[in-house]
Amino acid sequence: MNSESTHDSARDSAGADFIRAIIDQHMVDGTYEGRVHTRFPPEPNGYLHIGHAKSIVLNFGIAEQYGGKCNLRFDDTNPEKEEMEYIQSIQEDVRWLGFEWDGLYYASDYFEQLYQFAETLIQKGLAYVCELSADQIRETRGTPTEAGSNSPFRDRSVEENLDLFRRMRAGEFPDGSKVLRAKIDMAAPNITMRDPVLYRIRRQHHPNTGDAWCIYPTYDWAHGQSDWIEGITHSICTLEFENHRPLYDWCLDALGAAVPNRPRQIEFARLNIGYTVMSKRRLLELVREGHVSGWDDPRMPTICGMRRRGYPPEAIRSFCRAIGVSKTNSQIDIAMLEFHLREDLNRRASRVMAVLDPIKVVIENYPEGKVEQIEAENNPEDPTTGTRMLPFTRELYIERDDFREDPPKKFFRLSPGSEVRLKHTYYITCTDVVKDPVTGAVTELRCTYDPESAGGSTPDGRKVKGTLHWVSAAHAVDAEVRLYDRLFSVENPSDQAAREDVDYKSFLNPQSLQVLTGCKVEPGLREATAGTTFQFLRQGYFCPDSRDSSPERPVFNRTVSLRDSWAKIEQGGGTA
RNA sequence: UGGGACGUCGGCAAGCGGCUAAGCCACCGGGUUUUGAUCCCGGCAUUCGGAGGUUCGAAUCCUCCCGUCCCAGCCA
């Protein structure tokens with residue numbers, strides 16, 4: 001079923017999560033006759049995000065692990081919010097993450113059957129057509145501490161209910177005028193069980209069924225039965241559905257579902273990550289109000305945003321596996337995500353040189369017009385990736401921050417009189433600093449090189465502490481580089497906003513995107529295409545932007561920076 | 001003040017009555033290094049929300065208490 005690419009790491013020695021423990025037990029006692037069938041059931045009302053990835057990895061991962069199946073099912077019971085655009089993007093994202101579904105279904109595929117089930121319910125005296133308005137239903141539902149009261153329509157005859165329900169379907173009544181309700185218990189302590197609505201009248205064009213229906217089932221009526229129809233064994237969902245499980249079971253019982261063909265609902269805690277928001281409502285809002293450039297803005301926690309940012313699917317998968325599955329409401333440290341990102345990229349990203357904030361270096365004793373080809377390894381973590389040639393000339397660019405006229409303690413990069421190594425090649429020594437006569441800003445560094453140091457070491461064996469990345473001025477390609485940072489400047493935007501009674505958007509990080517122009521990258525990068533993430537040596541991982549980059553005008557997104565212990569030293573030391 | 005669920009290191013998370021409470025991230029040292037990256041080595045909960053109790057023995061069982069989350073959509 002699933003592709004081999006998802007096997008990327010065996011489960012470690014830790015015990016299986018509680019869901020797998022339940023399945024293990026089912027395997028032992030034969031509850032489902034050895035069958036495991038899960039499903040990933042997104043509502044097509046938004047783009048998938050990293051929280052969905054957790055669920056995808058869980059559901060598809062379980063199917064794979066137990067030799068079972070996993071369906072992709074669109075939970076399209078509410079045509080008001082659902083769109084084709086989302087149906088497309090969701091499939092794209094699931095596939096990109098590396099999974100292939102066994103069956104592709106829509107809850108709407110079952111509308112007829114669901115309708116028939118509802119008639120069965122009516123016939124059993126377990127559902128009735130209620131004519132109370134939405135407001136009246138709310139008012140008679142009671143509160144957490146007070147029981148609700150019965151609807152005056154609760155005790156209609158089976159015949160009347162059947163007739164009314166059929167006429168609802170036939171379109172004889174206006175939107176919102178009637179609903180079908182389950183007849184359970186208006187005094188139930190669990191509010192979900194107080195005669196929940198099963199069908200509503202809504203003349204709304206449906207992306208899949210068009211105008212075939214004017215009544216639509218609610219989630220509660222559609223979900224469990226869809227699971228049942230598909231032969232799902234383990235219906236895994238998030239914690240907020242825990243209160244609905246009794247209803248899920250009630251529906252199945254009412255229809256006579258029994259093991260081994262009776263789905264079991266299991267709830268786990270949804271993923272939360274610091275410094276971002278995860279609800280589709282809020283993500284939609286950020287898109288609609290233009291706080292980000294779209295669902296695929298590289299700052300978004302959406303799958304498409306992360307893809308554009310340069311995350312490989314493997315990194316997302318290994319993160320999802322590492323965080324575990326439990327029922328504890330938790331929030332994962334963003335550092336955990338970044339760790340798995342770097343771990344993956346370190347292994348596979350080609351090393352290249354790019355100068356983000358260039359300052360010119362002129363090597364005075366290097367012949368004018370001479371061009372040497374320097375051999376550079378592509379990835380020290382993987383020698384099979386070979387080497388490439390890099391042009392070296394008298395005029396180069398290095399990182400402005402790699403030079404200090406007045407170097408702090410333990411700074412072992414370039415400063416007047418100091419000697420450093422240029423990565424893959426010569427040692428250079430700074431001999432003079434050229435400044436703008438009016439601003440005093442450093443505009444150019446004059447250096448000398450040691451011809452004996454070709455290849456990065458000298459016959460006399462002297463050491464240099466610093467190694468800098470560089471690019472030949474004449475050969476460098478100009479590029480735009482976008483540095484991304486966390487979307488929000490506080491760890492819990494939603495919680496904090498609620499506490500301080502302000503809008504969560506007031507915590508948007510104004511520094512979340514910094515655009516650098518005039519960056520100088522090595523020549524080969526002109527040909528780079530989206531989908532490949534590189535390591536810009538000593539800086540971080542970057543990828544060509546899938547929308548805006550072109551050979552004529554390369555644009556790179558910073559996926560994540562490299563860990564930087566010097567920055568820590570400098571910060572800590574400076575303030576101490 | 002109703003019901004449901006959850007509380008083990010800064011963040012995740014194993015543990016299911018009996019070795020000195022796994023592992024990962026973060027953090028703090030130290031080593032290697034032509035990326036101050038990677039890699040390697042070491043440190044990091046006498047304690048499991050709290051208080052009682054059962055037991056030879058409890059994070060694991062019982063009682064009470066405290067805290068957090070979810071539920072009053074014709075959303076999912």
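The values are calculated or read from the model by the stated rules, or taken from the named source; none is laboratory data. What you see is a predicted model; the values in this text were computed from it and never measured. Cβ placement follows ideal geometry from the backbone for every residue including glycine, while neighbour counts extend to all protein chains displayed. Surface accessibility is based on the protein's heavy atoms, side chains included, excluding ligands, DNA and RNA. Shrake-Rupley method; radii C 1.70, N 1.55, O 1.52, S 1.80 Å.
Worth a mention:
- Longest to shortest principal axis, alpha-carbon extents of the range A:19-98, angstrom: 43, 25, 17
- The range A:217-282 - Rg over Rh from alpha carbon coordinates, Kirkwood radius: 1.07
- Cross-link table A:Lys69/A:Lys280; A:Lys124/A:Lys183; A:Lys410/A:Lys463; A:Lys463/A:Lys568; A:Lys370/A:Lys463; A:Lys410/A:Lys520, entries beyond 19 Å C-alpha to C-alpha: A:Lys69/A:Lys280; A:Lys463/A:Lys568; A:Lys370/A:Lys463; A:Lys410/A:Lys520
- Square roots of five times the Cα gyration tensor eigenvalues for chain A, Å: 61, 24, 20
- Over the range A:112-217, relative contact order from alpha-carbon pairs under 8 Å, at least 6 apart, %: 27 percent
- Distance between the range A:363-388 and the range A:51-113 - C-alpha centres, whole angstrom: 48 Å
- Near the amide H of A:Arg264, within less than 5 Å, lie the amide hydrogens of A:His234, A:Ser235, all on another chain or at least 5 residues away, with H placed in the peptide plane.
- Those lysines that a straight Cα-Cα span of less than 20 Å connects to A:Lys327, excepting residues fewer than 8 apart in one chain: A:Lys54
- Reported to the nearest whole Å, the Cα centre-to-centre distance from the range A:507-571 to the range A:453-500 is 8.
- Within the accessible area of chain A (1.4 Å probe), percent carbon and sulfur: 47 percent
- By the compact-protein rule of thumb, 2.2 N^0.38 Å, the alpha-carbon radius of gyration of the range A:112-217 corresponds to a ratio of 1.07.
- Using only the C-alpha atoms, the convex hull of the range A:352-476 corresponds to 123 Å³ per residue.
- Approximate spin-label separation A:Ala258-A:Thr385, in nm, with each point projected 7 Å along Cα-to-Cβ: 6.0 nm
- Estimated from the Cβ-Cβ distance and a Förster radius of 41 angstrom, the FRET efficiency linking A:Asn272 and A:Ser565 is about 0.90.
- Sorted peptide list for A:440-446, A:52-58, criterion being average Cβ within 10 angstrom, highest first: A:52-58, A:440-446
- Per residue, chain A exposes 44 Å² of accessible surface when a 1.4 Å probe is rolled over the protein heavy atoms with every protein chain present.
- For A:Val94, the solvent-accessible surface computed with a 1.4 Å probe is close to 0 Å², ligands and nucleic acids excluded.
- Contact order normalised by residue count of the range A:352-476, Cα under 8 Å, 6+ apart, percent: 31 percent
- Cα centroid separation - the range A:389-424 against the range A:241-286, whole Å: 57 Å
- Based on Cα contacts under 8 Å between residues 6+ apart, chain A shows a relative contact order of 11 percent.
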